[in-house]
Amino acid sequence: MIVDFRRVQSHEPIMIEDNSIEVVSEFKYLGITFSDMLNWNTQVDNMVSKAKQRLYCISRLAGFGLDFDRQLWLFRTMVLSLIMYCGPVWLSSCGKGQVDRLNRYCRKFIEITGECIDHEIHVHTTRIIASCGHPLSHYYHRTRRHYILPRMRTERFRNSFLPRSIKLLNVDL
């Protein structure tokens, strides 16, 4: 595979010990499909087809009455691990359409289970509150009736884990 962004791509054959090396447009190495134009369309296509198969398996098991915790575990191990494998290598240079295709399968999991990922946030929040040594534990101040939200100056902080988890805890009280 030769990566070349010139309009006219003319290359002489590469020879090693009188053997010509085949030039290919795509190459799969350690499970990642590289293309000669360094786009990730084939990689995303491969991941989407694998994610479809695995989500179908989870949906069949959900139909047989598998509880949410086991479904979440299967989703993490079968689908999320697939999507996040070598993420720093290829995920940062994906286009918005490619990332949306991958996110679609995370949303499908919510449709399959009928549950929301808020359940997972609640589990993590109770662990944080229980351990005094956790860096976020000092943000959870409780009055008699509810947890107090910290002052939020930016939209980014308003959409983060901490305010969302406090709002979920206050609903449960």
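Does K28 fit the bill of being farther than 19 Å from I110 by Cβ, modelled with pLDDT of 85 or more and basic (K, R)?
Answer is yes for this residue.
Can you name every residue in the range 17-59 that is closer than 21 Å to Q71 by Cβ and in contact with a helix residue (DSSP H, G or I) (Cβ under 8 Å, 6 or more places away or on another chain)?
Passing the criteria: M47, V48, K50, A51, K52, R54, L55, C57, I58, S59.
With respect to I148, is the statement that it is open to solvent by 50 Å² or more (accessible area, probe 1.4 Å), modelled with pLDDT of 75 or more and more than 16 Å from the chain's Cα centre (by Cα) true? Spell out the reasoning first.
On the way: open to solvent by 50 Å² or more (accessible area, probe 1.4 Å): yes; modelled with pLDDT of 75 or more: yes; more than 16 Å from the chain's Cα centre (by Cα): yes.
Judged against the criteria, I148 is a match.
Given the criterion at pLDDT 75 or above, surrounded by 14 or more Cβ atoms within 10 Å (Cβ to Cβ) and under 29 Å from F68 (Cα atoms), identify the matching residue among I129, I166.
Working: I129 fails: at pLDDT 75 or above.
Just a single option satisfies the conditions, and that option is I166.
Check off (1) touching a helix residue (DSSP H, G or I) at 6+ places or on another chain (Cβ under 9 Å); (2) at pLDDT 75 or above; (3) not in a loop (DSSP other than H, G, I, E, B) for D100 and give me the number that stays unchecked.
With (1) touching a helix residue (DSSP H, G or I) at 6+ places or on another chain (Cβ under 9 Å); (2) at pLDDT 75 or above; (3) not in a loop (DSSP other than H, G, I, E, B) applied to D100, the lone miss is (1).
The values are calculated or read from the model by the stated rules, or taken from the named source; none is laboratory data. Not measured: the values here are computed from a predicted model. In this analysis, Cβ positions are derived from the backbone assuming ideal geometry, glycine residues included, and neighbour counts consider all displayed protein chains. Side chains are part of the model used for accessible areas, which takes the heavy atoms of the whole protein and leaves out ligands, DNA and RNA. Shrake-Rupley method; radii C 1.70, N 1.55, O 1.52, S 1.80 Å.
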